[in-house]
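Notes for the one structure printed next.
Rule-based calculations on the coordinates, nothing more; no lab input. The structure displayed is predicted, hence computed values, not measured ones. Every residue, glycine as well, gets a Cβ built from its backbone with ideal geometry; the counts of neighbours run over all protein chains shown.
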Amino acid sequence: MSEPVLAVHELHRKFGDHVAIEKLSFQIQRGEVLGLLGANGAGKTTAMGSILGMIKPTSGSIRVFGMDPYHDRIKVLRRLNSSSAYSDLPANLLVWQNLYVFAKIYRVQNSKQKIADLLEMFEIAHLRNRVTGHLSAGENTRLHLCKALINDPELLLLDEPTASLDPEIADKVRKIVRRVQREKNIGILYTSHNMLDIEEVCDRVLFMHRGRVVADGTTQEIIAKFDQKNMEDVFIRIVRDGNIEDAPAKETAAV
Amino acid sequence: MSLHVVYAFLLRYLFLYTRNWIRIIELIFWPLMELLVWGSLTVFLNGKAGGQVPQFVTYLIGGVIFWDILFRAQQGVAISFLEDVWTKNLNNIFVAPVRPLEYLTAGILFGILRTTVAVSVLIVLAAMNFNFNVFTMKWALVPYFGSLLLFGWTLGMLSSALILRFGQAAEALAWAIPFLIQPAACVFYPLNSLPEWGQMIGRCLPCTYIFEGMRATLDHQPFNWGQLGMSLALNLVWMAAAAGIYAWVLESGRRRGLLTRVTSH
Ligand SMILES: Nc1ncnc2c1ncn2[C@@H]1O[C@H](COP(=O)(O)OP(=O)(O)OP(=O)(O)O)[C@@H](O)[C@H]1O
Ligand SMILES: [Mg+2]
C-alpha cells in the first residue's frame, strides 16, 4: 500500500482535566472516505483541528503527506483543504469574490475557469454575483464546498458538510463528494450526524465516544458487531450505554 | 513570505471597499469632524486675540493630522483582523497556507492606503479652510510620518493579539488602545505640561518625540536628530515586543486549542 495521506497515531488531547481525545489512531489512504462519528462533544472537531495544525496535540503524532502539520504547517496546508460548519466566508463579499480571494491565496492556475467549474458542479452558478450574506444556509454550505475544492486538495476534511442542507441537496452533495473522491483519488475525512451520509459516503467509519474510538470498520461490520439494524441504532446504543469497556475498542486501534 | 498571499488579502480589502461606499465615508468622517472642531477653535482663538496669539494654535491642526496618521495605521491592522473575526472567516484563514507575517503585511499595506486617503483629505482641507500648510515642514515630514506609521502598526498588532487572546470581549479595548496612550503622547501640548509621572510614560512612547518635533518644526527650530533617533529606537523595541506577543498568542492559542473558537467566547 502506498503512503497514507493521513496517519494519526495515539493522539491525545486534554483541555485542563478534560480528556477530549484519547489514544486516537487511524489512517486514510488516497481515494478513501473515512467517516468520523460520535455524539456531541466526542472529540471530532478537536481531531480535525489537530490535523489542521490549529490545535497542538498533548501527545501522539499526526502525519499528513508524511509531514507534521504543526511544524510544516504551510507545506501541509497548501495540499489540503477543509470545510467546517463552524466557519463562514465574509458575508459582505460577492460569491465569486470570495472564491477568487481563496483562489489567489492557494495560487490556483486559471482561477476564473476553476471557479466557474466549481459553481457549476454544485449547481450554484446562478449565484455567482450574489452577496454571500444573502445566500440561504444550503447555498452557503455549497459555496463552502467550492472553497474547499478550489486548490484540488489531496486530503479533504469536512466537518458536518451536510448540516442545514435539505434532503435533496444533501443527496447531491453526497454524490459530489463521492465523485470527487473517485475522479481525483483524494482522501476524505468526513464527520456528520446524519447516518444516511455515513452509510452512503464513507468507505469506513470510526466511531468516537468520549474521546476514544469504540468501533472501526465498514458500516456493515459495525452494524453486525453491535447487533443492530442500522447505524442510527448503533449510534444510539453506543451513546446511551456510555460505558462500553467491553466494546471492540482495543482491536480497532491499529488499522 | 509569499507575495501572492499578500496580494490576495489586498484584493479582498479592495472588494470590500469598492462594494461599500459607507466604508469610504467612515474613512473620512471622523478626521473631518475633528479637523472642523480644532480648526474652528483655532480661528476663534486667533480672532479673540486679534492676531496676537502666537502660532501655537496651529499646533492643534498639526496634531489632528499627525494623530490621524497614527490612528489610521493602528486601525488598518486591527480592523482588517476584526473584519475576519466578525465574519467568522478567521477559521478559513487559519487552515489556509497563510503565514502571520503575510497577513500582517496585507493589513499594513492596506493601512497605508487608508491613511493616505484620510490624511490627504485632511491636508487639503486644512490648507483650504484654516490656512494650515503641512508642507511648511518640508522633508521633516518623511521621518515624522514614517515613525508614526511604525508605531501605529505596532499598536495594531497589540490590539489584534488582545482580541486573539481574549476574544471579542477585548474588541472595545482594541478600539481604545490609541486613546489610552493619547494623553501621554502629547498630541496637542508639550511634554512639560504633563505631571512628572505622565512625562515618564510619555518618554517611553516613540510618538511623543514626533509630536514634540512637529511643534518645534512649526516654530522653525532646527531639526532635532536626537529626538528622531530616540523615536526610531523606541519604535524598534515596541515593534519587536508586539511581534513577540503576537507570535506568542498564536502559539498559545494552538496549545490551548482556542484558535478554533476565537469568535465564540
Ligand atoms: N479549547 C477548549 N477548551 C476546553 N474544552 C474544549 C476546547 N475545545 C473542545 N473542548 C471540549 O472537548 C470536547 C470535544 O469537543 P469537540 O468540539 O471536538 O466535539 P465534537 O465531537 O466536534 O462535537 P459536536 O458533534 O458537538 O460538534 C468537548 O467536551 C468540548 O467541550
Ligand atoms: Mg464538532
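Taking the Cα centre of the stretch B:3-257 as reference, the dipole from Cβ charges on Lys and Arg (+1) and Asp and Glu (-1) amounts to some 440 debye.
What are the aspartates and glutamates whose alpha-carbon lies under 18 Å from the alpha-carbon of B:Lys138, with same-chain residues fewer than 8 places away excluded? Answer for B:Lys138, where 18 Å is the Cα cut-off: B:Glu212, B:Asp219, listed by chain and number. Annotation: lysines with alpha-carbon distance below 30 angstrom to A:Lys229 (same-chain offsets under eight excluded): A:Lys23, A:Lys44, A:Lys172, A:Lys175, A:Lys250. Listed by chain and number, the aspartates and glutamates placed with their C-alpha closer than 14 angstrom to that of A:Lys104 are A:Asp152, B:Glu102; residues fewer than eight positions away on the same chain are left out. Seen from B:Trp30, the other residues with C-beta closer than 15 Å to its C-beta sum to a net charge of 0, counting Lys and Arg as +1 and Asp and Glu as -1. Close amide-amide hydrogen proximity is noted between A:Arg204 and A:Val33, A:Gly35, each under 5 Å apart and 5 or more residues distant or on a separate chain (H modeled in the peptide plane; Pro and chain starts excluded). Other residues with beta-carbon under 12 Å from the beta-carbon of A:Lys114 carry, at +1 per Lys or Arg and -1 per Asp or Glu, a net charge of +1.
Separation of the stretch A:31-110 and the stretch B:96-170, taken as the distance between their Cα centroids, equals 32 angstrom. Under a 5 Å amide H cut-off, with hydrogens placed 1.01 Å from N, A:Ala20 pairs with A:Arg13, A:Lys14, A:Phe15 among residues at least 5 apart or on other chains. Using C-alpha pairs below 8 Å separated by at least 6 residues, the relative contact order for the stretch B:3-257 is 23 percent. Note on chain A: GNM, Cα springs under 10 Å; of A:Asn151, A:Asn194, A:Asn129, the largest mean-square fluctuation is that of A:Asn129. Structure remark: mean-square fluctuation, Gaussian network model of chain A, C-alpha springs under 10 Å; the largest value among A:Leu89, A:Leu99, A:Leu11 belongs to A:Leu89. Close amide H pairs (under 5 Å, H built 1.01 Å from N) link A:Ser82 with A:Leu157, residues at least 5 positions away or on another chain.
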